[in-house]
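Here's the structure, in C-alpha cells; my notes come after.
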Amino acid sequence: MERLSPLDLGMLWPDDFGWPEDIGVLAVLDGNRTAGHFSLDLAREVVAKRLPLVRRMRQVLRVPRTGLGPPYWTDASTVDFDDHVRAAEVPAPGDDEQLLGVVERIRRRRLDRSRPLWEMWVLTGLAGGRTGLFVRLHHTIADGVAAVALLGAFFDPGPDVRALAPPWPEAEPEPTAPQLLADNARRRWREVRRGVSALTRLPESVAALRQAWPAFREFAAEGRAPRSSLNTPIGPGRRFALVRGDLPLAKRIAAAHGAKVNDVLMAAMSGGLRELLRARGEPVDALVLRAYVPVSLHQEPPDRLRGNFDGMMLVPLPLGVADPVRRLAMIAAETTERKKHQRSAGGGALFRVSAVQRAVMRRMRRQRWANVYAANVPGPPEPLHFAGACVLEMFPIVPLIGNVTLGLGALSYAGQLAIAVVGDADACPDVEVFARGAGHALDALAASGGRDFGPADR
C-alpha cells in the first residue's frame, strides 16, 4: 500500500485552503515534421503507450476517513486519454500574451481527484505555425526534479517516435477498510519502534541533530521578513510572464564572478524586484527581501525519481544595492555559506507531522519568513521531441501559496535558461515589470567586469 509520504502530504493540504498545488511545464513545439501541423491523435497514442512506464500517473489519490491513516495511491481502473490529453485554441495573434492567457484559463480548472491528477493540453494557433503543450500535474505526485524525470518518459531524443509500448499492468484491487486500518496500525507501531531505536542509539541521534542544527538555526535566526506589497493574501487568479535566457551565458557570468548559475538567477530576481517596487513607488534603499528556495535532496537514479524530497533555503536579496555586480557578489557569498549546512527534507522532523503541517498552513496568509519564491530545476541538456515535434522551448510553471504573491521558476533546457514568472492577478498584475527588470539585470551582468557576453534575450 502506497501512502503519501509526509512531504507529499504537505503538498495536499494547500488545496483545502484554496491554493491549488499544481505544477507544470509549458513547452513550445515546432509542429508536425511531415504534415505541417501537430497531431493530437499521435500525442494521445504516445501518451497511451508510455503511461505504463509511469505508475503514479495511472493512479488516483484516495483520502480515507478518520482512523484509517493518511491518503494513499491506488491504481485507476481506466484512464480516459480523450479527457487527459486535450486541445485548446490560442486566440490570434498567437503570441506569448495570448498563450499565457490560455494557460491561466486551464490552470483555473481544478484537477479532478476521482481520476489521475494530471492533464496534457495541446495549444494550437501559435504564431509561426508553432504548437504549445501545457502539462500539469499535482505536486503530490512529484517535486520539480522528479517531475522532469517522470515526464521524460513521454519525450524522444529525435523526431522518430520510439517503439516503447510496455504491457499495461493489471490494476491492484482497492484496499478495504479493514486493510487500511491494519496498515495504519502497522505504521503507528513502526513509528514507535523507530522512536525507541533512536533513544537506544542516543549518540548517533545527537550527532544527527548537531549536523542539522546549523540549517535550523539559520532559519530560526532570520527574524521577520520585511513588509512589502509583495505579501498579501493571494486570490484565485494568476498572471504570467516569460524571460528567455541563455544557459552558457549564465554560466559564463557565474564563472566570471565566482558564483553559481543559481546565484545569477537570484541576482536577476533581485534586479526584477528592485524595478518592480520602484515602479510601485515603494522605497528600496537598504531593503533586503527574502526568497524561499527549495533544495533538492533526491539521490535516487533518474528512473526512480518520484514524490517530494526537498529541503529549503532562505536567500537574502539585497535590493538596496544598485550595482548588479555587487548584488551578485553578496548573494554568492551568502549562499556559499548557507550551502555548507546540512538540510532536512521538509524542514525537519517536526514539520512532517500532519497536525503541524496544517497549523502552518493556517498561518500562511500571515507568514513573515519569506517575501518571494524561486525554484531552479535542471532540465534535459539536449533537444527533445514530443509526438514527432521538436520541443523549441520549455518553461516551468510553479504555484503560489499563502501571502506570497510572486514566484519564479527556472528550467535549463538544451542551452536555454527558461524562466516563467507567476504573480497573483490582483496583488501582482505587473509581473511584466518584474520580468523586464530581471532581463535588465542579466544584461548588466553580461556586460560587467570588462567582459561583453552579449545581451540577454528577454
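Matching residues to (1) surrounded by 19 or more Cβ atoms within 10 Å (Cβ to Cβ); (2) assigned to a helix (DSSP H, G or I):
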| site | (1), (2) |
| --- | --- |
| Leu289 | yes, no |
| Pro294 | yes, no |
| Gly320 | no, no |
| Arg326 | no, yes |
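When we screen Arg115, Arg136, Arg108 for residues that are exposed (fewer than 13 other Cβ atoms within 10 Å of the Cβ), under 26 Å from Ala76 (Cβ atoms) and modelled with pLDDT of 95 or more, the only hit is Arg108. Say whether the condition of being of a type in the set (Asp, Glu) and either modelled with pLDDT under 85 or assigned by TED's automatic domain parsing to the domain that holds Ala146 (or both) is met by at least one residue in the range 274-293. Looking for residues that are of a type in the set (Asp, Glu) and either modelled with pLDDT under 85 or assigned by TED's automatic domain parsing to the domain that holds Ala146 (or both), one finds none in the range 274-293, hence no. Within the range 48-90, the residues that satisfy the criterion of being closer than 23 Å to His139 by Cβ and hydroxyl-bearing (Ser, Thr, Tyr) are Tyr72, Thr74. Checking each residue in the range 249-279 for being polar (S, T, N, Q) and closer than 18 Å to Arg436 by Cβ picks out only Ser270. Quick one: in the range 219-258, which of the residues that are in a helix (DSSP H, G or I) and charged (D, E, K, R) is surrounded by the most Cβ atoms within 10 Å (Cβ to Cβ)? Looking at the filtered set, the residue picked out is Arg252.
For residues in the range 396-434 being under 20 Å from Val135 (Cβ atoms) and more than 12 Å from the chain's Cα centre (by Cα), which is surrounded by the fewest Cβ atoms within 10 Å (Cβ to Cβ)? So the residue we want is Ala414. If you take the residues of the range 139-151 that are assigned to a loop (DSSP other than H, G, I, E, B) and within 11 Å of the chain's Cα centre (by Cα), which of them is surrounded by the fewest Cβ atoms within 10 Å (Cβ to Cβ)? Per the criteria, the residue is His139.
For the range 263-279, give me each residue that is of a type in the set (Lys, Arg) and either closer than 22 Å to Gln367 by Cα or crowded, with 16+ Cβ neighbours inside 10 Å (or both).
Arg274
The values are calculated or read from the model by the stated rules, or taken from the named source; none is laboratory data. This is a predicted model, so every value here is computed, not measured. Reconstructed Cβ throughout: ideal geometry from the backbone, glycine too, with neighbour counts over all protein chains shown.
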